[in-house]
Amino acid sequence: MCRLFAITSEDPVSPMVALEALDVMREGHDGSGVGLFLRDLGGPFESMKDAPILSGIFTEAGLRRLDVKMMEKGFITKYKISFKLDKTPPSGVPKRDVYLIRAYEYPDDWEEWSWERKQTELTTIRLELRAMGEEKKDMIVFSFWPDVIMIKEIGDPLTVGRYLKLGANDIQARIVMAQGRQNTNYAINLYACHPFFVQGFSTMTNGENTAFIPIREFLQKRGFEGYMGFNSDSEVFTHILHYMQKELGLGMEFYKHIITPLAGDALASHANADLLTLLKQSCRRLIIDGPNCVIGSLPDHSLFMVQDRKKLRPGVIGGRPGIFAYSSEICGLDAAIPDRDKSKDFQPMYLDTAIVGPDRQEVQICRQTERLHLPH
Amino acid sequence: MSADGKITPSSLSIKDLHWQIDWNKDTCTLCGQCTAVCPVKAIELGVFRKRHVETPMGLSGKVTNRFSIFYGIRQKSEPKHACIGCAMCSQVCPNDAIIPRRSDEADKQRYHMDQGGQPMKRGGRRKAEGPGILDRIKFTRISMLTDPALDAGRHEFEIKTLLGRVLPPKEQIQRHLKGEWAPPVREIYPLVIGGMSFGALSPTMWEGLQMGVTYLNEEMGMPVRICTGEGGCPPRLLRSEFLKYTILQVASGYFGWDEIIHAIPEMKVDPCAIEIKYGQGAKPGDGGLLMWHKVNKLIAAIRGVPTGVSLPSPPTHQTQYSIEESVAKMIQSMSMAWGFRVPVYPKISASSTSLAVLNNLTRNPYAACLAIDGEDGGTGAAYNVSMNHMGHPIASSLRDCYKTLVEIGMENELPLAAGGGIGKNGNLAANAASLIMLGASMVQTGKYVMQAAAGCVGSESDRCNVCNLGICPKGITSQDPRLYRRLDPEHVAQRVVDMYVSFDTELKKIIAPLGRSTSLPIGMSDALGIDDRDAAERLDIKYMV
């Protein structure tokens, strides 16, 4: 089982806050890997919110191939983070040549492009780089998106964080999502490590999605190149979120209705029963199964948590106006935000979608049985 | 055989028969029940003359003969009276004095079952014993990470499926918001009672099935559906609210459809769906067959035909020229008849050409499903040669169709129904789960229902299988009131309910350890494994040893 921690704060925080919270929950994870997703960045990235940032791990040769490729495309490096690493990585952490976090200037001809077109192109470039890297085993690319950084590595989360000196350098963010385990359902592969990312949507999951294969088969034929990889059964949570919002135009309150739809009388007596019944039918292949706690970040800087249909995984939200954290266990919450009103901690149940919006003032609870705002 | 008896080519001895009757003189009470009950008159009262040689001790007198008579059972050896092994004689015998025994070698009667140049016809399933591919598939992806594991007896499970054309999500939402027509979709239980006609089945059997299905729906909350088969539908059912649990079948003989069409204005509810039968797994390329023995006044009235004539349906729908045209026109006509409120779908026999029909359906926006019937499916009457040698296994045919749908991204839009030998070896839930995970949205079974709900004794090794002759000893497939009165519809209904409720539990016992409960695991092929490399490769599932 893995452990999850996420935080959304008005003031940028170091990712070490999340890794330390993961560390107090280490009885619940095996410390085999770590994944970090950072958004709404602080520090030096504060002033370059529009610049796409490439996150990944490269060999020296891979870096040279990257530079050639990006130059061909007209991208110029605007800013990069330099990791000053010890010569020998700690036990259990592989030796890498380059951990890359690099912000680029858009090519000149992109200036006129709409955001929609830019999104498509950024995705295409990320996938091109990923394919190049898989061919020669010299690049691993996690994300290429404005105001987003992703770091993933094998090894104990806190040890990796200290090794990368994440507390000391310039990496700070108002939204941090962290997960403490290498995916072990399938082969060890950094692409199987949560959180996952596609076009501004990111999720991470504690659990196992047993309906993975039918969901993957469905997504692969939706005609969007970003639905790929599938190295983990949890990756599809990100894809479904993207599909729901971008393709179907449905808001976050529909997510639970897609992945764990209501059944029986609860569905029949819902104010939007007609639409939800049709949605359940047409999105039947996107119904997830198994125990799952999903935490995700949306492009509007909302942070959410949902549970599976039976609420079989732990998850709690707590904080105060200005800062809220999502954690697998209460001890993680205590480590990150000790001075909060604990009586207001909230554990979302099987019908709930818990959202902290971009203003970070409150936890909104959206129950699946409530009337929905219909799309137009 | 008498001294001046003649031996003809078809003179058989009891040894030549497939079944021999073991009769015990010591325990027989001579009550005569066995001879009365035997459906093929294989046994009759035997009067036996016995000679006793009486030799006095010490040669004190002449050796004499004494003759006595005793009564018992004599087995006939003519092919038409060959014992069918149904064992009704054993069932009625008060002293267990009689039982049929299978011959210890291949029988010779098989060469003589074509008297008068008529090839052998029978009911039942393809002759094939032992476990099939479906029985060998195992569920190997036990979800160790599902912690706490799902409990088949405690947790909520959604064991339902969809019958109907499902639109892609975006189109579905748009049509709903604009208030436009969308294809009808039924939410049903994934185990459907496959088409067995009123005519093929006795009135008591039909009534029992309908009562059982109704009870499951109304009292157990299980949306079970039953298909009529090609033989029409009793007028009262057509005009009742229970029609919604019924799938009306139309096939190439159109039997009973005059009555159905005329009843449409008087229907209280729509039927669940319309199944257009193009083929049957048990006898692909051959039409339905109700032999004259079973066409009595009631059957003739419902079907709209004269009494006492055999009713062979043509191999295909004769009014059209090609399957594409036929499917399109039939679906359109049937949809129109019910105002596009009822799902309409074709049923075909599994074949290497199944994909041609599937591809056609993907382009027909009104096609609600494709039902595929494999070679192990049952039938009420067919030529023996068709049953044994024609057809295609359901597993690979279904898998090919499902993978084709996945390839074009339509696996959720066009449901597949699989039938043909589900539960043939008693493994109903395991077979059904395998087919669902190979891609079936639902499975259909008929023969298993006859066995479980009515005690059919037919087998895949030449036992009974006289459904075609109207002499079913259990009264399941007979139209003779003396026979079908043996079957109490209430008891059949009870057994249908028993069967479904236990199936439901068994299905949960399979899918719960796989970590599935929120939706039916259609296409969850990663859960399946088989100990046959070729089968694993063909079905695209795991090979395991």
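Note on region A:213-256: among residues that are modelled with pLDDT of 95 or more and of a type in the set (Phe, Trp, Tyr), the one that is surrounded by the most Cβ atoms within 10 Å (Cβ to Cβ) is A:Phe237.
For (1) among the polar types (S, T, N, Q); (2) touching a residue at least 60 places away in the same chain (Cβ under 8 Å), each residue gets a yes or a no:
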site	(1), (2)
B:Thr35	yes, no
B:Lys41	no, no
B:Leu59	no, no
B:Phe70	no, no
B:Ile73	no, no
B:His81	no, no
B:Met88	no, yes
B:Asn95	yes, yes
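Which of the helices (runs of 4 or more DSSP H) contained wholly in region B:473-543 include at least 2 residues that are in the same structural domain as B:Ser396 (by TED's automatic domain parsing), within 27 Å of the chain's Cα centre (by Cα) and of a type in the set (Asp, Glu)? Break it down into steps so the answer makes sense when it comes.
Details: elements: B:481-484, B:489-511, B:533-539.
Qualifying helices (runs of 4 or more DSSP H): B:489-511.
Summed over region B:136-170, residues that are modelled with pLDDT of 85 or more, crowded, with 20+ Cβ neighbours inside 10 Å and within 7 Å of another protein chain (Cβ to nearest Cβ) total 4. Checking B:Pro169, B:Pro119 one by one, the residue that is farther than 30 Å from B:Leu361 by Cβ and of a type outside the set (Lys, Arg) is B:Pro119 and no other. Checking every residue in region B:21-37 against the condition of being within 36 Å of the chain's Cα centre (by Cα), surrounded by fewer than 18 Cβ atoms within 10 Å (Cβ to Cβ) and either modelled with pLDDT under 95 or at positive phi (or both) gives at least one match. If the condition is being under 19 Å from B:Glu230 (Cα atoms) and surrounded by fewer than 15 Cβ atoms within 10 Å (Cβ to Cβ), then region B:311-329 contributes B:Pro314, B:Gln318, B:Thr319, B:Gln320, B:Lys329.
Give all pairs with beta carbons closer than 9 Å in which a residue from region A:280-296 that is facing another protein chain (nearest Cβ under 7 Å) meets a residue that is among the charged types (D, E, K, R) and in a strand (DSSP E or B); count only pairs at least 6 apart in sequence or on separate chains. Final answer for the pair search is A:Gln281/B:Glu187.
For region A:237-269, a residue qualifies if it is farther than 19 Å from A:Lys310 by Cα and away from chain B (no Cβ under 12 Å), and the qualifying residues are A:Thr238, A:His239, A:Leu241, A:His242, A:Gln245, A:Gly251, A:Met252, A:Ser269.
Residue-by-condition table, conditions (1) loosely packed, with under 10 Cβ neighbours inside 10 Å; (2) of a type in the set (Gly, Ala, Ser); (3) touching a helix residue (DSSP H, G or I) at 6+ places or on another chain (Cβ under 9 Å):
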site	(1), (2), (3)
B:Val53	yes, no, no
B:Lys62	yes, no, no
B:Ile73	no, no, yes
B:Lys80	no, no, yes
B:Gly85	no, yes, no
B:Cys93	no, no, yes
B:Gln109	no, no, yes
B:His112	no, no, yes
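Each residue in region B:491-545 was checked for being away from every other protein chain (no Cβ under 14 Å), among the β-branched types (Val, Ile, Thr) and buried (at least 19 other Cβ atoms within 10 Å of the Cβ), and 4 of them qualify.
For region B:97-185, the strands (runs of 3 or more DSSP E) that sit wholly inside it and include 3 or more residues that are assigned by TED's automatic domain parsing to the domain that holds B:Pro365 are B:161-164. Residues of region B:393-427 that are under 23 Å from A:Cys283 (Cβ atoms), surrounded by 24 or more Cβ atoms within 10 Å (Cβ to Cβ) and either among the hydroxyl-bearing types (Ser, Thr, Tyr) or not assigned by TED's automatic domain parsing to the domain that holds B:Ala356 (or both): B:Tyr402 alone.
Screening A:Ala192 against (1) free of Cβ contacts under 8 Å to residues at least 60 places away in the same chain; (2) within 28 Å of B:Gln172 (Cα to Cα) leaves a single unmet condition, (2). The set of residues in region B:390-433 that are hydroxyl-bearing (Ser, Thr, Tyr) and farther than 20 Å from B:Leu163 by Cβ contains only B:Ser396.
Let's see how each residue does on (1) surrounded by 24 or more Cβ atoms within 10 Å (Cβ to Cβ); (2) at pLDDT 95 or above; (3) away from chain B (no Cβ under 14 Å):
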| site | (1), (2), (3) |
| --- | --- |
| A:Ala6 | yes, yes, yes |
| A:Pro12 | no, yes, yes |
| A:Ala18 | yes, yes, yes |
| A:Ala21 | yes, yes, yes |
| A:Met25 | no, no, yes |
| A:Gly43 | no, no, yes |
| A:Ile57 | no, yes, yes |
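Only one of the numbered conditions (1) in a loop (DSSP other than H, G, I, E, B); (2) crowded, with 20+ Cβ neighbours inside 10 Å; (3) of a type in the set (S, T, N, Q) is not met by A:Thr205, and that is (1).
Using the structure shown, decide if B:Arg186 is charged (D, E, K, R), within 14 Å of chain A (Cβ to nearest Cβ), in contact (Cβ under 8 Å) with a residue 40 or more places away in the chain and farther than 21 Å from B:Glu375 by Cα. For B:Arg186, the condition - charged (D, E, K, R), within 14 Å of chain A (Cβ to nearest Cβ), in contact (Cβ under 8 Å) with a residue 40 or more places away in the chain and farther than 21 Å from B:Glu375 by Cα - is met. Taken together, the residues in region A:304-344 that are touching a Lys or Arg at 6+ places or on another chain (Cβ under 6 Å), surrounded by fewer than 24 Cβ atoms within 10 Å (Cβ to Cβ) and under 30 Å from B:Glu158 (Cβ atoms) amount to 0.
Tell me, which residue of region B:317-352 that is under 23 Å from the mean Cα position of the chain (by Cα) and farther than 19 Å from B:Leu248 by Cβ is modelled with the lowest pLDDT? Filtering region B:317-352 for residues that are under 23 Å from the mean Cα position of the chain (by Cα) and farther than 19 Å from B:Leu248 by Cβ, the one modelled with the lowest pLDDT comes out as B:Ser352. Residues that are charged (D, E, K, R) and outside any helix (DSSP H, G or I) were ranked within region B:290-348; the one that is nearest to B:Gly164 (Cα to Cα) is B:Arg341.
Residues in region A:200-224 that are of a type outside the set (A, V, I, L, M, F, W, C), closer than 16 Å to A:Thr123 by Cα and more than 14 Å from every other protein chain (Cβ to nearest Cβ): A:Gly200, A:Ser202. Within region B:330-376, the set of residues being surrounded by fewer than 24 Cβ atoms within 10 Å (Cβ to Cβ), within 15 Å of B:Asp400 (Cα to Cα) and β-branched (Val, Ile, Thr) comprises B:Thr353, B:Val357, B:Thr362.
Please enumerate the residues belonging to region A:98-116 that are part of a loop (DSSP other than H, G, I, E, B) and exposed (fewer than 14 other Cβ atoms within 10 Å of the Cβ). Show your work before the answer.
Step one: list which residues in region A:98-116 are part of a loop (DSSP other than H, G, I, E, B), which gives A:106-107, A:111-114.
Answer for region A:98-116, where residues must be part of a loop (DSSP other than H, G, I, E, B) and exposed (fewer than 14 other Cβ atoms within 10 Å of the Cβ): A:Glu111, A:Glu112, A:Ser114.
Of the numbered conditions (1) within 20 Å of B:Val385 (Cα to Cα); (2) in the same structural domain as B:Trp19 (by TED's automatic domain parsing), B:Val92 fails exactly one; give the number of that condition. The failed condition is (1).
The values are calculated or read from the model by the stated rules, or taken from the named source; none is laboratory data. Small disclaimer: the values here were computed from a predicted structure and weren't measured. Glycine also receives a Cβ, built like all others from the backbone with ideal geometry; neighbour counts cover every protein chain displayed.
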